[in-house]
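Engineer: Take this structure first; my questions come after.
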Amino acid sequence: MKDECIICKAPLEYLEQDIPMECEICHKKENSKTRCVNGHYVCNECHMQGMDSIFALCMEENSKSPINILEKMMSLPFCHMHGPEHHVMVGAALLTAYKNSGGEIDLKKVLSEMRSRGMSVPGGACGFWGACGAGISAGMFVSIITGATPLAKESWGLSNLMTAKALNAIGEIGGPRCCKRDSYTAILAAIDFVKEHFGVEMEKTEAVCTRSGMNNQCLGKICPYNK
């Protein structure tokens, strides 16, 4: 069994309602439902320190496989087993592979937008909102490449359909959450969606989990990525 708190390595606990907490790193005070069993709290921003390394990786990447790109991101020192960084990484991997597969986007510009949007989805959204941040990130990806807004028509619909397809695939596997499993699932759903609706074919690499030993709640053989 591996530890989860980035301060003391103790397991996390999820409370029934928000309570006032102070981040152990930046000392920001805010309400949250999440802390470790020893009372430590780390805010989303501090949990995602090191995010710049993701975008440096993307700007130098030439792979057409968002799964392969995601794997490289997950291997970066700042990336934890679970955490809100995945809410940015899914969309960033898709944007990079989409660009490398012929998608016409300004990668630097759209990565900046993905960072802004993805970082607004807090950790624990999968359980507390009923919408996994990895699935939302896939929807953000489609919203960004289509220029969707709340007043758009077709792009608005496509963005929501993408999120729905990703969340449906994530939900069918069931919980508890695994940020790695959910990220793989959202990306694989997006690869098929983009090919169908935009005619851009990203490489669909098989996702194979190598981090099950780091997840206290791993589904084991039930997980489709446990080979």
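Engineer: Looking at segment 209-221, can you tell me whether even one residue there is surrounded by 17 or more Cβ atoms within 10 Å (Cβ to Cβ) and in contact with a Phe, Trp or Tyr (Cβ under 6 Å, 6 or more places away or on another chain)?
Structural biologist: Looking for residues that are surrounded by 17 or more Cβ atoms within 10 Å (Cβ to Cβ) and in contact with a Phe, Trp or Tyr (Cβ under 6 Å, 6 or more places away or on another chain), one finds at least one in segment 209-221, hence yes.
Engineer: Please list, ordered by first then second residue, the pairs with beta carbon atoms under 6 Å, 6 or more apart or interchain, first in segment 185-198 and of a type in the set (Lys, Arg), second open to solvent by 20 Å² or more (accessible area, probe 1.4 Å) and not in a helix (DSSP H, G or I).
Structural biologist: 195/201
Engineer: Here's a follow-up. Give 109, 99, 64, 33 a once-over and let me know the one that is open to solvent by 10 Å² or more (accessible area, probe 1.4 Å), of a type in the set (Lys, Arg) and assigned to a loop (DSSP other than H, G, I, E, B).
Structural biologist: 64
Engineer: Taking the condition in contact with a Gly (Cβ under 7 Å, 6 or more places away or on another chain) and either open to solvent by 30 Å² or more (accessible area, probe 1.4 Å) or closer than 17 Å to residue 187 by Cα (or both), does residue 118 pass?
Structural biologist: Answer is yes for this residue.
Condition check ((1) buried (at least 20 other Cβ atoms within 10 Å of the Cβ); (2) aromatic (Phe, Trp, Tyr); (3) modelled with pLDDT of 90 or more) across all residues:
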position	(1), (2), (3)
38	no, no, yes
45	no, no, no
50	no, no, no
54	yes, no, yes
58	yes, no, yes
75	no, no, yes
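Engineer: Hey, among the residues in segment 13-30 that are outside any loop (DSSP other than H, G, I, E, B) and open to solvent by less than 60 Å² (accessible area, probe 1.4 Å), which one's nearest to residue 83 (Cα to Cα)?
Structural biologist: Result: 13.
The values are calculated or read from the model by the stated rules, or taken from the named source; none is laboratory data. Given the structure is predicted, the values throughout are model-derived calculations rather than measurements. For neighbour counting, all protein chains shown are included, and Cβ atoms are generated from backbone atoms with ideal geometry for every residue, glycine included. With ligands, DNA and RNA removed, areas are computed over all heavy atoms of the protein, side chains included. Shrake-Rupley method; radii C 1.70, N 1.55, O 1.52, S 1.80 Å.
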